[in-house]
1. Which residues' amide hydrogens lie under 5 Å from the amide hydrogen of residue A:65, considering only partners 5 or more residues apart or on another chain, with H built in the peptide plane?
2. If R0 is 41 Å, what FRET efficiency do you get for residue B:33 and residue A:91 from their C-beta distance, rounded to 0.05?
3. Non-local amide H neighbours of residue B:44 (under 5 Å, H modeled in plane, Pro and chain starts lacking H): which ones?
4. Looking at the stretch A:67-141, which GluC sites (Glu not before Pro) are in a loop (DSSP not H, G, I, E or B) and have at most 12 other Cβ atoms within 10 Å?
5. Quick one: 3J(HN,Hα) in Hz for the stretch B:45-54, Karplus 6.51/-1.76/1.60 with θ = phi - 60°, rounded, Gly and Pro as x.
6. Residue separation times 0.36 nm, minus the C-alpha to C-alpha distance between residue A:133 and residue A:23: what's the value?
7. Provide the per-residue ³J(HN,Hα) series for the stretch B:28-41, in order, calculated from phi with Karplus coefficients 6.51, -1.76, 1.60 and θ = phi - 60°, each as a whole number of Hz, with x at glycine and proline positions.
8. Using a 1.4 Å probe and counting only protein heavy atoms, arrange B:91, B:77 so the residue with the most accessible area comes first.
Protein chains: 2
Amino acid sequence: MKQAISFITLGVADLERSRRFYRALGWQESSGSETTVAFFQAGSVAFALFGRDALAEDARVSPNGSGFPRFTLAHNVATEAEVDTLIREAVAAGGSLVLAGEQAPWGGFRGYFADPDGFLWEVCFNPFFSLDERGFVQLPT
Amino acid sequence: MKQAISFITLGVADLERSRRFYRALGWQESSGSETTVAFFQAGSVAFALFGRDALAEDARVSPNGSGFPRFTLAHNVATEAEVDTLIREAVAAGGSLVLAGEQAPWGGFRGYFADPDGFLWEVCFNPFFSLDERGFVQLPT
């Protein structure tokens, strides 16, 4: 299996609410979006918002699930100062503050916001992993 | 907020088991990995495996959660035939078959496997979204 992730799809309770949130963050939807699914290009990965029940049904699994969704997304930035700026932006767009920026035990600086469904976004300054010219993390090989 | 996802981190029950699974799929860990966290470059996004409790603790949220984790990852391929081939590979590597490849209502062909924690991977042939030379989906703008 090629070392690649093509899509990350979040199963959301209210697609229009989620669309509004990500658009308010300044994200631009693909013209490939449809009424029932929203697509956003995010570097080499496509980010999709789809109804939670529809997503579970597509995989033939139960849509029931609660609590911590056991994953996080992260958005890395180039300076500590940008961490809180970006979290403030996300809260202004309708997100929730989860953790204001603070030093991480591993030496970085990070905070978290939640999107309207409670999906967690870490906003992170990592002095050990540099960002390429497009702003994406390039791990050491 | 830049339209970017830097990291996707899965909170896993047994980090060594998850490492073995993704390595068995042929994925190569970054030398930036540590005992407590595994990193894999996957195009412009970094994929991380981290302990479930540690991930929740980092965001100061409760680690409690069960059932459908409300998201899926997808790996797009260039032909229908590759869908089942890749799902078989994933099952051979220690994953579980969730849905064998079949026609999707929207006109593509897809199946699902689950990783050792039950995180769902769709393997998808989508005739409407082409893959670039690196094999990544490029949505219409």
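1. Sorted by chain and number, the residues that satisfy this are B:68.
2. FRET efficiency, residue B:33 to residue A:91: 0.80.
3. Those lying under 5 Å, H to H, from residue B:44 are A:44, A:45.
4. A:133
5. In residue order, the calculated couplings are 10, 9, 10, 10, 10, 9, x, 4, 5, 5 Hz.
6. Difference between extended and current length: 37.2 nm.
7. Running phi through 6.51 cos²θ - 1.76 cosθ + 1.60 with θ = phi - 60° gives 10, 6, 5, 5, x, 4, 10, 4, 9, 8, 10, 10, 9, 6 Hz.
8. The ordering from most to least exposed comes out as B:91, B:77.
The values are calculated or read from the model by the stated rules, or taken from the named source; none is laboratory data. What you see is a predicted model, and the numbers here were worked out from it, not measured in a lab. Don't worry about glycine lacking a Cβ; one is built from the backbone with ideal geometry, like all the others, and counts go over all protein chains shown. All accessible areas refer to the heavy atoms of the entire protein, side chains included, with ligands and DNA or RNA removed. Shrake-Rupley method; radii C 1.70, N 1.55, O 1.52, S 1.80 Å.
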